[in-house]
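Chemist: My questions all concern the structure below.
What follows draws every value from the coordinates through simple rules; no lab data is involved. No experiment lies behind these values; they were computed from the predicted model shown. Glycine gets a Cβ as well: all are built from the backbone with ideal geometry, and neighbour counts include every protein chain shown.
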Amino acid sequence: MLRTGLFFALVTFLATSLALAQESRSELGLQGSGFFTNPTSGNSVTSESTTKTVGFLINYRYHLSHGLSLEGVYGYDRNTEKYILSSANFRIPSNNHQFTFDLVQTLQSFGKARFSPYILVGGGAIVFCPANTQFNSLSGSQTQPKGAFVYGGGLNYALMKRVSLRFEYRGLLYSAPDFRFGGLNTNSVTHSAQPSVGLSFRF
């Protein structure tokens, strides 16, 4: 009787271990994105705005459970920050690097639907790096990180067992950059909309 019990316990343990080993908890996403930022104003700055641009996102998700995931994201885009003051105007081309960590909650889908919607919330930083080109009208502008709050959502559409088409929207809230020049500081919070589309891979 004891041997029979130990045998079934061993079989159960091996079956559980095999199931866990076959479970795909990692997910890699590659997405092309837009980056559209609201204009701001304040202090001595009449207007601070940015050019609309495109970029990309690379993200890694680790699925803690069926519905909850942790996600790390790197994003890149390049735009031009434009400042209008009463005394002068400035244009600063900038390479922008985004680093965020998010919680992702997968929402319930019905039946065997290929759609898998989700919402996300998190935080991190955007690092604004001025480009040293002839179009930079402010000599001495410096790299400046800004803390960011992130929210959004999207959905994966299964193309194959481990490959999905991803549609996503991310919203970022952060203080408008001034490249460490106090005269360009609007002392205001701005919002960037970042829609994207790409592929995700489970492994």
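Chemist: Just tell me the longest site-free run in the chain, where the sites are trypsin sites (Lys or Arg not before Pro) in a DSSP loop having at most 15 other beta-carbon atoms within 10 Å.
Modeler: Result, exposed sites excluded: 53-111.
Chemist: What FRET efficiency do you get for residue 76 and residue 159 if R0 is 25 Å and r is their Cβ-Cβ distance, rounded to the nearest 0.05?
Modeler: With a Förster radius of 25 Å, E is 0.50.
Chemist: Angle check, please: helix 2-22 long axis (alpha carbons) against the longest principal axis of the chain (alpha carbons), in degrees 0 to 90, nearest 10.
Modeler: Helix 2-22 sits roughly 30 degrees off the main axis of the chain.
Chemist: Over the alpha-carbon set of the chain, divide Rg by the Kirkwood Rh and report the Rg/Rh ratio to two decimals.
Modeler: Values: Rg = 22.9 Å, Rh = 19.3 Å.
A ratio of 1.18.
Chemist: Cα-based count: Lys pairs in the chain below 28 Å, eight or more positions apart or different chains?
Modeler: Close lysine pairs under the 28 Å cut-off: 4.
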